[in-house]
Amino acid sequence: MQRAAALVRRGCGPRTPSSWGRSQSSAAAEASAVLKVRPERSRRERILTLESMNPQVKAVEYAVRGPIVLKAGEIELELQRGIKKPFTEVIRANIGDAQAMGQQPITFLRQVMALCTYPNLLDSPSFPEDAKKRARRILQACGGNSLGEAPTCQAPRREMNECSQAAPASSGGSCMRMGSYSASQGVNCIREDVAAYITRRDGGVPADPDNIYLTTGASDGISTILKILVSGGGKSRTGVMIPIPQYPLYSAVISELDAIQVNYYLDEENCWALNVNELRRAVQEAKDHCDPKVLCIINPGNPTGQVQSRKCIEDVIHFAWEEKLFLLADEVYQDNVYSPDCRFHSFKKVLYEMGPEYSSNVELASFHSTSKGYMGECGYRGGYMEVINLHPEIKGQLVKLLSVRLCPPVSGQAAMDIVVNPPVAGEESFEQFSREKESVLGNLAKKAKLTEDLFNQVPGIHCNPLQGAMYAFPRIFIPAKAVEAAQAHQMAPDMFYCMKLLEETGICVVPGSGFGQREGTYHFRMTILPPMEKLKTVLQKVKDFHINFLENYA
């Protein structure tokens, strides 16, 4: 049919001897004949529609990249086309993407990654020897001097697999093939380094490399372990306890797996503390309609920024032991602690120090990532999870599930290795590394205090201390008329507020309803990552907008 239409448009038929020199009318006649031979068919119905798709996927929501971010993209395109706005740029304060916000990469990490990616640079005098040593160790463990296990080097296989010794610099040839897979659980050498890091971090509490699983960011590990944990149907369906407010990865994965979300509320009046009595309330109510089996903790908190005390962690572990709950400890912000009164305590360390009754029985999966901390290497998608007290048969099932996706990105595994095996005192890169790390964390601490102080100067905004992580989650007062206007637009009141903020100032933040909040309260989440001067501008714009918003809807 398309060919026939083209014949009519072009006024010609197929180039056969009999068709040369024909008139346009004869070509049209031929096209009409083709159409009669091949009548137009009615369009076949789509197999995949909103009605036929997996309903669990349709139920998934992810506020961090939701409607407000789509609108921000539309506004950016309008600005590029020269459409006038009350602002000249969109500031994406919706997501914790440090380097997108201007944070400079850590030099040592990028040096080692460059060497791993292009081993010819190992001969360059421009790179420090300790970076070369890390790169050789990683490449040697991968086999074939490639970011993956595919031994093609001319050296004996035994030598390549002995990752405790540095390999010689590659001079090219068959050692230069790049990009092969790793083992599904991750490169052995890197898992050893992760275990050594955990042992150092936790003051000597042992970590077994066999309990370490390298992942595509922390999100991959969280999703994978939840897949294994969810089972049953009806009242026996697995219930997953998550904090409210929560990072929406959790609610999204719970929806995808058709598990039961069990909310427990953090105490906003007490700096977003976790109260065990609230855990008891939540688990007792949940037992009426599901089987609560998993307790998720985010420490330091996202989006709330609180850092849990050791006593709180002990109480949570005792509660999990008492209620027979599998603990998930999301600890990706463990380096991001700013309040001088707070300190990060890992769940693994506290669990072991509570004695064998707990340390030998409570099942715990904890997570870390290259994306946060002082590193901000979101794009590498590097992470790990440590799973302890897992049933031996379940460990086999977990490895099987991980093998389905072959392996996490090997470059991300290498980036994770550098995070857990940084320069130490006496090495060439130590001073620069320490200076860059302290600069990033010091600036974040200043920005956390500035954000808290300035928000609390605005009538109708209250912000708890930002003890850790990299976000503010202020509570905002929204007048009744604004609530009515939001309802007229079929929006949540805080979504209405954030959309107005975006349209009038170009600042993109995420409404609190995307993270969960107590009924009748409204919040938004904003990252503190922008450079100091830009952050001051953002905070001033929010202040001016909020005052005008209150006046307009008074």
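Could you report segment 292-392's accessible area per residue, 1.4 Å probe, as an integer in Å²?
I get 31 Å² per residue for segment 292-392.
Per-residue counts of other Cβ atoms within 10 Å, averaged by peptide: what ranking do you get for 87-100, 274-287, highest first? Don't skip to the end; give the middle numbers.
Working: 87-100: 18.6, 274-287: 16.3.
Ranked from most to least packed, the peptides come out as 87-100, 274-287.
What accessible area per residue comes out for segment 408-551, rounded to a whole number of Å², with a 1.4 Å probe?
Numbers: 5760 Å² over 144 residues.
Result: 40 Å² per residue.
Ranked highest first by the average count of other Cβ atoms within 10 Å around their residues, in what order do 401-410, 352-361 fall?
Values: 401-410: 16.9, 352-361: 13.6.
Averaged packing, sorted descending, gives the order 401-410, 352-361.
For segment 505-545, calculate the relative contact order in percent as a whole number, restricting contacts to Cα pairs under 8 Å that are 6 or more residues apart.
Details: 22 pairs, mean separation 15.2, N = 41.
Relative contact order for segment 505-545 comes out at 37 percent.
Hey, can you grab everything whose amide H is under 5 Å from the amide H of Val510? Only 5+ residues off in sequence or another chain; H modelled, so Pro and N-termini drop out.
Answer set, sorted by chain and number: Arg525.
Let me have the relative contact order for segment 222-344, percent, based on Cα pairs under 8 Å that are six or more residues apart.
Answer for segment 222-344 is 26 percent.
Please give the net charge around Glu427, taking every other residue with its beta carbon less than 12 angstrom from that of Glu427, where Lys and Arg add +1 and Asp and Glu add -1. Kindly include the intermediate steps, with their values, before the conclusion.
Values: positive: Lys132, Lys133, Arg134; negative: Glu129, Asp130, Glu428, Glu431.
Here the count lands on -1.
Of the listed pairs Lys84/Lys534; Lys85/Lys534; Lys132/Lys395; Lys71/Lys449; Lys500/Lys543, which have alpha-carbon separations greater than 25 Å here?
Working: Lys84/Lys534 21 Å; Lys85/Lys534 19 Å; Lys132/Lys395 35 Å; Lys71/Lys449 30 Å; Lys500/Lys543 13 Å.
Flagged as over cut-off: Lys132/Lys395; Lys71/Lys449.
Can you tell me which of 458-464, 219-225 comes out highest on packing, and rank the rest after it, using the mean Cβ neighbours within 10 Å?
Those peptides, ordered most packed to least, come out 219-225, 458-464.
Classify segment 302-454 as rounded, prolate or oblate, taking a ≥ b ≥ c as the square roots of the eigenvalues of its Cα gyration tensor: rounded when a/c is under 1.5, otherwise prolate if a/b is larger than b/c and oblate if not. Could you put the intermediate results ahead of the total?
Numbers: a/c = 1.98, a/b = 1.25, b/c = 1.59.
The shape class here is oblate.
Where does the charge balance sit around Leu351 when Lys and Arg score +1, Asp and Glu -1, over other residues with C-beta under 12 Å from its C-beta?
Numbers: positive: Arg310, Lys348, Lys349; negative: Asp202, Glu314, Glu353, Glu357, Glu363, Glu386.
Every neighbour counted, the sum reads -3.
The values are calculated or read from the model by the stated rules, or taken from the named source; none is laboratory data. Owing to the predicted nature of the structure, the values given are computational and were not obtained by experimental measurement. When we count neighbours, we look across all protein chains shown, and the Cβ atoms used for this are built from the backbone with ideal geometry, even at glycine. Side chains included, ligands, DNA and RNA excluded: accessible areas come from the protein's heavy atoms. Shrake-Rupley method; radii C 1.70, N 1.55, O 1.52, S 1.80 Å.
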